[in-house]
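**Student:** Before I ask anything, let me first share the structure, which is written out below as C-alpha cells.
Where a number appears in this text, it was derived from the coordinates with a stated rule and is not lab data. All values derive from a computational prediction rather than experimental measurement. For neighbour counting, all protein chains shown are included, and Cβ atoms are generated from backbone atoms with ideal geometry for every residue, glycine included.
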Amino acid sequence: MHGKFITIEGTEGVGKTTNIEFIQGWLLEHDIDFVATREPGGTPLAEQIRQLLLTPGNEKICDSAELLLMFAGRAQHLNQVIEPSLGAGKWVICDRFTDATYAYQGAGRGMDSSLIKHLEHLVQGALRPDLTLILDIPVEIGLKRASDRSAPDRFEQEQVEFFERVRQGYLDTAKEDPQRCAVIDASQSLEKVQLDIKSVLEAFLVKTKVVA
C-alpha cells in the first residue's frame, strides 16, 4: 500500500514545530508508520541548501537563484526520502513543501506562478500532498512569536508587507484546492488548534480507509 503524504504550511511563528509533534503523537496512537521531515532540507545535501537559503549573508540571493535552490533541495528530498518512504507504505509528514514555494517565491517575491508550476512538474511529476494543513495567523502576531523564539533568518528579515503577501498566497491556495487544504486558525489557544488539527486528521483517516 502506498503511504500518505501530509504537509504542514504557514508563515513565520504559526507553531508548526509544536503542532507537528502533536501530529506525530496522533500517528503513533493510530499505529501508523511515518517519517517526519522538512523543507528546505530533509537530506544531508538538502540541509546544506537550507543553510544557503536561510543564513543571512553579504551577497544577495537573486529571486531566480532562490527558486532554483528550493527545487534543487526538493528534488534530492523527493528522491532520497519522500518517494521511497511513500513507496514503502509509510506516511510522510513534511514541514512545508511546494505550497510554500508558491506562497514565498510566488506571492511573496512576485515570481511568475507558471514558472513555479513548470519546475513543480519537472521535479515532482504527478506527486502532490494528500492533505495539507495551513496554519494561519495574523502576520504581526506570527512575527512577534518568531522574534521571541530566535534570531531572524534571511526570510524572517523581510518586511511585514512581504509576509502579508505570503499569507494571502497560502489562503488563495486553500481556496483553489479545498479538497486537499484545511486552514487552521493558529491564533487560538494551543488546545483549540490541536483539537481542530485532530478533527481534520480523523476525517482524513476515515476517508483514507473508505478509499482503500
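**Student:** What is the calculated FRET efficiency for Ala126 to Val160, with r their C-beta to C-beta distance and R₀ = 45 Å, to the nearest 0.05?
**Tutor:** So the FRET efficiency works out to roughly 0.75.
**Student:** Moving on. Whole-Hz ³J(HN,Hα) for each residue in the stretch 86-92, computed from phi via Karplus 6.51 cos²θ - 1.76 cosθ + 1.60 with θ = phi - 60°, x for glycine and proline: what do you get?
**Tutor:** Each residue's phi maps through the Karplus curve to give 4, x, 8, x, 7, 7, 10 Hz.
**Student:** For the chain, what is one quarter of the convex hull surface built on the Cα atoms, given in nm²?
**Tutor:** Working: hull surface 45.5 nm².
Averaging across all directions leaves 11.4 nm² for the Cα convex hull.
**Student:** May I pose another question? Return the long-range amide H neighbours of Phe5 (sequence gap of 5 or more, or a different chain), with a cut-off of under 5 Å between placed amide H atoms.
**Tutor:** Val92, Asp130, Leu131
**Student:** Run the helix sum for the chain: -39,500 (n - 2.57) per DSSP H stretch of 4+ residues, divided by residue count, reported at 222 nm to the nearest 500 deg cm²/dmol.
**Tutor:** -16500 deg cm²/dmol
**Student:** Local charge sum around Leu27 (other residues, Cβ-Cβ under 13 Å, Lys/Arg +1, Asp/Glu -1)?
**Tutor:** Within the 13 Å Cβ shell, the charges total -2.
**Student:** Moving on to the next point. For the chain, calculate the relative contact order in percent as a whole number, restricting contacts to Cα pairs under 8 Å that are 6 or more residues apart.
**Tutor:** Taking the mean separation of contacting Cα pairs over the length of the chain, I get 32 percent.
**Student:** Which entries in the list Lys4/Lys60; Lys60/Lys144; Lys60/Lys117 go over 29 Å, if you measure between the two C-alpha atoms of each?
**Tutor:** Lys4/Lys60
**Student:** Which ³J(HN,Hα) values in Hz, rounded to whole numbers, follow from the phi angles of the stretch 64-72 under the Karplus curve 6.51 cos²θ - 1.76 cosθ + 1.60, where θ = phi - 60° and Gly and Pro get x?
**Tutor:** 5, 5, 4, 4, 5, 5, 4, 6, 5
**Student:** Output ³J(HN,Hα) for the stretch 45-57: one whole-Hz value per residue in order, computed from phi by the Karplus curve 6.51 cos²θ - 1.76 cosθ + 1.60 with θ = phi - 60°, and x for Gly and Pro.
**Tutor:** 5, 5, 5, 5, 5, 4, 4, 4, 6, 9, 7, x, x
**Student:** Also, I was wondering about something else. Taking H placed 1.01 Å from N in the peptide plane, check which residues at least 5 places from Ile184 or on another chain put their amide H under 5 Å from its amide H.
**Tutor:** Ile134, Leu135, Asp136
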